[in-house]
1. Which residues, taken from region 2-26, are without any contact (Cβ under 8 Å) to a residue 40 or more places away in the chain and assigned to a helix (DSSP H, G or I)?
2. I'd like to know if region 68-83 contains one or more residues that are open to solvent by 70 Å² or more (accessible area, probe 1.4 Å) and under 18 Å from Leu104 (Cα atoms).
3. Six or more apart or on different chains, Cβ under 9 Å: which pairs go from a residue in region 83-102 that's more than 16 Å from Tyr6 (Cα to Cα) to one that's of a type in the set (Ser, Thr, Tyr) and outside any helix (DSSP H, G or I)? Could you list them?
Amino acid sequence: LDSVDYVKQAEQVILDLKKMGNGRIYLTTSKIRNLLRMISDIYNEVIHEKSAELTTETQGGIQYLKMRFAYEAGRERSVRDFVNKANILKYIDQIGDDKEKFLLFCKYMEALVAYHKFYGGRD
């Protein structure tokens, strides 16, 4: 994931999901927004931190977030397809203690939500 092509990558993920669904995106808007909401809670804490490194507490929150994504992916096929196509668990692992990587991940998730809506993700 890099700051130059994350938007293009997010768009491709949603287009691939649409192709997998024969022109339909099965992931609901409410499901993808719930995933984004979990991220935004951590984002609101991180954005105010002065350090370029994430605190141990924040890193723990990100690991909890990873577990929640895995849980939601296990519960519903459309979420699993989304998490796998978007490489979400892999990108969470790459964050480590790097604040900039986390902020980029947040932007990537926002781009996924935007393209989901743009390409007709269901409500």
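1. Taking region 2-26 first, the residues without any contact (Cβ under 8 Å) to a residue 40 or more places away in the chain are 4-5, 8, 12, 19, 21-23.
Correct list: Lys8, Gln12, Lys19.
2. The answer is no; no qualifying residue exists.
3. Correct list of pairs: Asp97/Thr55; Lys99/Ser51.
The values are calculated or read from the model by the stated rules, or taken from the named source; none is laboratory data. What you see is a predicted model; the values in this text were computed from it and never measured. As a convention, Cβ positions derive from the backbone with ideal geometry for all residues, glycine included, and neighbour counts pool all protein chains shown. We work out accessible area using only protein heavy atoms, side chains counted, and drop any ligands, DNA or RNA first. Shrake-Rupley method; radii C 1.70, N 1.55, O 1.52, S 1.80 Å.
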